[in-house]
Every structure is written in structure tokens, then in C-alpha cells.
Amino acid sequence: MVTLQCLLEFRTNHDREVLLDLMRRFSSATRYAYKRLLEGQERKELKKNVSRLFDINTRYSDDAIFLANSMIASYNERQTKS
């Protein structure tokens, strides 16, 4: 995996606010998905709920669920090694 650090430039302040809002909703969706996955909710139902609740498309909600699932898997892997 490659990580890039960059500086985003916006033509208007409105463009900046739109992106920041999307980033906030995606972050909240990831936290919500993490908690629901720990509770045992199924991915298919969770995908619909996340999209509706955070007003994001299903691609973003699927990515948020994938990220949350990856965090859970990483935690579980570290626990089994120690």
C-alpha cells in the first residue's frame, strides 16, 4: 500500500465545505458500521442503513463497512498473536 500526502486546492470555499462534509459523513459512517458489525448486524442490511442514515451512495457505505471490517480483523489478528 502506498500513502500519498498532498495539499488540496479549492476554487471556492463552497467546494471545500462540500468535501469536508462528505469526509465527516464517511468517517461517521465508518464508526457506525464498526459498532454495528461488533453487534453482529449483517453486511447487506448494514449497507442499506448506512447509505440512508448518512445520505451517502452505496459505494461509499460499502467502503465504510469494508474499512470497519478491516479494523476488526486487524484487532482480532493482533489478539491471536499475543
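The values are calculated or read from the model by the stated rules, or taken from the named source; none is laboratory data. The shown structure was predicted, so the numbers you read here are calculated from the model rather than taken from an experiment. Backbone-built Cβ (ideal geometry, glycine too); neighbour counts: all protein chains shown.
For the range 37-82, which residues satisfy the criterion of being of a type in the set (Gly, Ala, Ser) and either on the phi > 0 side of the Ramachandran plot or part of a loop (DSSP other than H, G, I, E, B) (or both)? Give the derivation first.
Quick first cut of the range 37-82, residues of a type in the set (Gly, Ala, Ser) only: 40, 51, 61, 64, 68, 70, 73-74, 82.
Hits for the range 37-82 are 40, 82.
Residues checked against (1) surrounded by fewer than 13 Cβ atoms within 10 Å (Cβ to Cβ); (2) modelled with pLDDT of 95 or more:
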position	(1), (2)
20	yes, yes
27	no, yes
33	no, yes
37	no, yes
40	yes, yes
44	yes, no
53	no, yes
60	no, yes
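Mind checking which residues of the range 2-16 are surrounded by 10 or more Cβ atoms within 10 Å (Cβ to Cβ) and among the hydrophobic types (A, V, I, L, M, F, W, C)?
Residue satisfying the conditions is 10 alone.
Answer with yes or no whether residue 15 is part of a helix (DSSP H, G or I), out of contact with any helix residue (DSSP H, G or I) (no Cβ under 9 Å at 6 or more places or on another chain), at pLDDT 95 or above and not polar (S, T, N, Q).
Yes.
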